[in-house]
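Please treat every number below as a calculation from the coordinates, not as lab data. Source: prediction; values computed, not measured. As a convention, Cβ positions derive from the backbone with ideal geometry for all residues, glycine included, and neighbour counts pool all protein chains shown.
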Ligand code: NAD
């Protein structure tokens with residue numbers, strides 16, 4: 001039997017190797033401090049431990065929140081806009097210079113293929129630059145003064161946009177750097193200070209970022225990073241009476257707990273939650289586009305993707321041709337370690353998650369769905385599940401209703417081209433995060449898109465996120481929007497001022 005090689009024998013850059021040898025401490029009040037215990041993170045492609053890191057509990061969250069409060073009332077919210085912009089721009093340049101380190105850490109910690117990790121690192125740099133620029137676009141309005149004031153004197157009414165205050169941010173493991181940056185960059189641009197809790201599964205890229213905040217010139221306490229478990233550090237942060245807002249990305253089940261925890265001081269809450277997004281393929285779809293597009297709607301990031309399009313409504317006229325194309329595409333997806341540039345499909349995050357995904361596959365078989373391709377866990381180290389496609393799925397099957405968060409596609413054959421009927425099928429879910437329509441008939445596509453209850457719907461592409469494009473969920477996929485101007489608004493309060501002149 002061959003021994004599993006670290007990183008499947010792939011070499012890491014010297015900077016990543018050096019980083020992994022460090023003592024992985026928390027960042028509180030500008031200092032790298034010890035936690036209350038340790039936890040390990042594993043390479044999901046090999047199952048081998050890659051780092052041991054400090055985790056925090058209640059005491060560490062309390063001191064991080066106190067540091068964030070001091071920084072908020074001290075330098076950060078009072079700093080001139082141009083200076084805050086310059087600090088964020090410096091952060092972007094430092095991240096750019098450390099792109100290899102950040103990319104490799106997400107590959108080995110999360111399992112994502114290099115082509116995706118490289119893209120998300122570049123997007124994160126763009127995001128920091130975007131919000132650095134957006135600081136100069138934080139604008140209020142002038143409006144008509146109230147009647148009882150202006151009846152007696154000249155008056156002026158205007159609004160100010162002000163930072164929400166101390167923000168708690170809790171992020172998941174599926175795109176570690178990206179889900180963190182798209183909370184950190186707008187919060188810091190708005191003038192908020194932050195305590196962020198990475199996922200206990202994927203702490204590394206955020207710990208690397210910790211050094212970059214000091215180097216960029218953020219005052220101590222503006223950003224605090226406390227690793228820890230959800231039920232402990234996460235819960236404490238969400239409940240904390242001195243946190244003004246909590247911004248959460250993760251599962252819908254945890255989102256509910258966050259809402260309950262936030263009740264004590266009625267802190268503001270933003271939620272980016274799960275999805276079970278519909279993909280509608282019409283008889284006139286261009287299959288040369290639709291085959292890779294639909295395949296990647298499900299299999300991108302091994303399906304560990306909130307936007308994943310995993311409920312496919314395939315018109316009967318193209319169903320068989322689509323299945324044939326998708327089967328070939330799935331067979332051509334190279335599986336392996338994310339460090340291998342040829343890899344299109346990496347491992348699932350953990351053994352436990354892999355077992356959960358395999359449970360869904362077995363349940364789909366038992367429920368009568370027809371397995372078209374895949375369905376197996378690879379007989380090798382790591383948590384690899386084949387790209388899997390089921391057809392003949394019925395709307396009430398668990399595979400059509402539950403977020404599996406794995407490379408599992410559920411196809412339902414449909415015979416209708418009626419827009420209302422298609423919209424009813426697409427909307428038959430508590431979620432509403434993403435979706436796509438595949439057709440050459442643009443008028444039909446735009447009419448159908450208007451009927452789909454979802455925060456993002458694409459035509460002839462899927463999951464079209466971008467730094468400037470608002471993203472978030474209808475229904476139980478969340479509250480609020482990230483990305484773009486709305487992402488910044490989420491960290492701003494509006495104050496109305498009236499002056500009797
Ligand atoms: P999760 O809900 O298990 O955990 C997310 C984070 O919450 C982790 O940091 C975890 O430690 C923390 N947490 C867990 N319990 C907590 C509690 N009681 N109080 C406070 N914090 C707690 O989610 P996950 O498995 O890490 O991530 C996968 C989920 O995230 C999927 O459902 C996916 O759809 C969703 N997601 C959504 C988006 C989006 O933008 N809508 C993006 C990425 C992931």
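Compute the helix-to-body angle for 351-366: its Cα long axis versus the longest principal axis of the chain, expressed 0 to 90° and rounded to tens.
Rounded to the nearest ten degrees, it is 40.
Sort 233-241, 257-265, 85-93 by the packing proxy (mean of other Cβ within 10 Å over each peptide's residues), most packed first.
Ranking, from highest mean packing down: 233-241, 85-93, 257-265.
Can you tell me the FRET efficiency between residue 73 and residue 499 if r is taken as the Cβ-Cβ distance and R0 is 30 Å, rounded to the nearest 0.05?
Between residue 73 and residue 499 the formula returns 0.70.
Projected area of the stretch 277-465, taken from the Cα convex hull and averaged over every viewing direction, in nm²?
Quarter of the Cα hull surface area: 10.0 nm².
Compute the Cα gyration tensor for the chain, then decide on rounded, prolate or oblate, letting a ≥ b ≥ c be the square roots of its eigenvalues: rounded whenever a/c is under 1.5, prolate when a/b is larger than b/c in the other cases, and oblate in all that remain.
Oblate, because a/c is 1.5 or more while a/b does not exceed b/c.
Which whole-number percent is the relative contact order of the chain (Cα, under 8 Å, 6+ apart)?
Reported relative contact order: 18 percent.
Describe numerically, in nm with one decimal, the distance between label points set 7 Å from Cα along Cα→Cβ at residue 321 and at residue 350.
So the two model labels end up 4.5 nm from each other.
Against the longest principal axis of the chain, how steep is helix 316-331, in degrees 0 to 90 to the nearest 10, with axes from Cα atoms?
For 316-331 against the chain, the angle is about 80 degrees.
Could you give the nm distance between label points at residue 401 and residue 151, where each point is 7 Å from its Cα heading toward the beta carbon?
Inter-label distance under the simple model: 5.9 nm.
Need one word for the stretch 1-111: rounded, prolate or oblate. Basis is the Cα gyration tensor (sqrt eigenvalues a ≥ b ≥ c); a/c below 1.5 gives rounded, then a/b vs b/c decides.
It comes out oblate by the Cα gyration axes.
Using the beta-carbon distance between residue 115 and residue 468 and R0 = 35 Å, what value does 1/(1 + (r/R0)^6) give for FRET efficiency, to the nearest 0.05?
Efficiency computed from Cβ-Cβ geometry: 0.95.
Along the Cα→Cβ direction, 7 angstrom out, place labels at residue 424 and residue 48. What is the inter-label distance in nm?
With each label point 7 Å from Cα toward Cβ, the separation is 5.6 nm.
Among 32, 78, which comes first, second and so on when ranked by fewest other beta-carbon atoms within 10 Å?
78, 32
Cut-off is 10 Å between beta-carbons; in what order do 479, 438, 173 appear when sorted fewest neighbours first?
Placing the least packed residue first, the sequence is 479, 173, 438.
Over the stretch 277-465, what is the mean sequence separation of C-alpha contacts under 8 Å (at least six apart), divided by residue count, expressed as relative contact order in percent?
The normalised contact order for the stretch 277-465 reaches 29 percent.
Can you put 247, 214, 178, 63 in order of Cβ neighbours within 10 angstrom, beginning with the fewest?
Going from sparsest to densest Cβ surroundings: 214, 63, 178, 247.
For the modelled label position 7 Å from the Cα of residue 136 along Cα-to-Cβ, which residues of the stretch 68-88 have backbone nitrogen atoms closer than 13 Å?
Under 13 Å, as judged by backbone N against the label point of residue 136, lie 81-86 of the stretch 68-88.
Tell me the relative contact order for the stretch 79-223 as a rounded percent, counting alpha carbon contacts under 8 Å between residues six or more apart.
29 percent
Grab the beta carbon distance between residue 93 and residue 284, set R0 = 35 Å, and tell me the FRET efficiency rounded to 0.05.
0.15
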